[in-house]
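FYI, it's all coordinate maths here, none of it is from the lab. Computed from a predicted model, the values in this text were never measured in an experiment. Because the Cβ atoms are built from the backbone with ideal geometry, glycine has one as well, and the counts that use them run over all protein chains shown.
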Amino acid sequence: MQAQETALKGCFILEPRVFKDDRGYFFESFNKQTFDELVGQNVHFVQDNQSFSQYGVIRGIHFQKGAHAQAKLVRVLEGEVLDVAVDLREGSPTYGQHVAVRLNAENNRQLFVPRGFGHGFSVLSETAVFAYKCDNYYQKASEGGIVYNDPTLAIDWGIPKEKIQVSEKDLNLSIFK
C-alpha cells in the first residue's frame with residue numbers, strides 16, 4: 001500500500017497494491033501495522049459503517065465534537081463518489097480548507113480523514129456503496145455539521161444543482177462561519 005498526504009496535514013490518500021489476473025483481482029484493503037506506519041499514528045478503529053446512495057446524493061458535511069471526535073478511513077465498494085474532507089482544527093494553517101478526492105470501485109483508493117475534520121461525499125455514479133471505519137463510537141449528542149453549499153467553503157460537489165439530493169437534516173446544518 002502507498003500513502004500520499006493531501007494538502008491538509010494528516011489527511012492521506014491510500015492506494016493498495018492490486019494483484020490482477022484472468023480470474024479477477026485481490027488486494028489487502030486494511031492492515032493495521034501498515035496503516036499506522038503510513039499515517040504516522042496509532043489508530044484503533046472500533047466501528048464500521050456502510051451506506052448505499054443514488055446519483056446526486058450529498059451526505060455531509062458531518063463531524064463529531066469533543067471527546068467523541070472520529071477519525072475515518074473511507075472507501076467505495078461499488079460506484080464512484082467525490083469524497084470531501086474539511087479541516088476544522090482551529091489554529092491549523094489549513095483551517096477551513098478542503099480536499100476532494102474521487103474514490104471508486106476501480107481505483108480502490110481510500111481516504112484517511114483524521115479527527116478534527118468534517119467529512120462528506122457526493123455520489124457521481126448511478127449508485128454507490130460507501131464504507132468507512134471510525135476510531136470512536138458515534139454519539140448523537142456530539143454530532144455536528146456544515147451545510148453542503150456553505151459559501152465560505154465553496155465546495156464543487158460535481159453534481160448539477162438541479163440533480164442534488166440532500167436530506168432535510170443536512171439542509172438544516174450550520175454554515176462554516
Calculate the dipole size of region 61-124 relative to its Cα centre from +1 charges on Lys and Arg beta carbons and -1 charges on Asp and Glu beta carbons; express the result in debye to the nearest 20. 220 debye
For region 1-147, just the Cα atoms, rotate onto the principal axes and tell me the three extents in Å, largest first. 49, 35, 27
Using Stokes-Einstein with the Kirkwood hydrodynamic radius over Cα pairs, what translational diffusion coefficient do you get for region 16-84 at 20 °C and a viscosity of 1.002 mPa s, in µm²/s rounded to a whole number? 141 µm²/s
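Select from region 1-44 those chymotrypsin sites (Phe, Trp or Tyr not before Pro) which occupy a DSSP coil region and have at most 15 other Cβ atoms within 10 Å, ordered by residue number.
Numbers: sites: F12, F19, Y25, F26, F27, F30, F35; in loops: F27, F30.
Answer by residue number: F27, F30.
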Exposure rule at most 16 other beta-carbon atoms within 10 Å, DSSP loop GluC sites (Glu not before Pro): the chain longest free segment: 29-89
Say the dipole of region 45-171 comes from +1 at the beta carbon of Lys and Arg and -1 at that of Asp and Glu; which of G158, V76, A128 then lies farthest toward its positive end? V76
Residue separation between L77 and T127 times 0.36 nm, minus their alpha-carbon distance, gives in nm 16.9 nm
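Is there a quick way to get the dipole size of the chain? I mean about its Cα centre, with the Cβ of Lys and Arg at +1 and of Asp and Glu at -1; what is the value in debye to the nearest 20? Working shown, then result.
Details: 19 positive and 22 negative charges, 72 e Å.
Value, rounded to 20: 340 debye.
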Between K20 and Q47, what is the label-point separation in nm under the 7 Å Cα-to-beta-carbon projection? 3.6 nm
Multiply the residue gap between Y55 and S167 by 0.36 nm, knock off their C-alpha separation, and tell me the result in nm, one decimal place. 39.0 nm
Of region 8-37, those with amide N under 16 Å from the point 7 Å along the Cα→Cβ vector of S174 are none
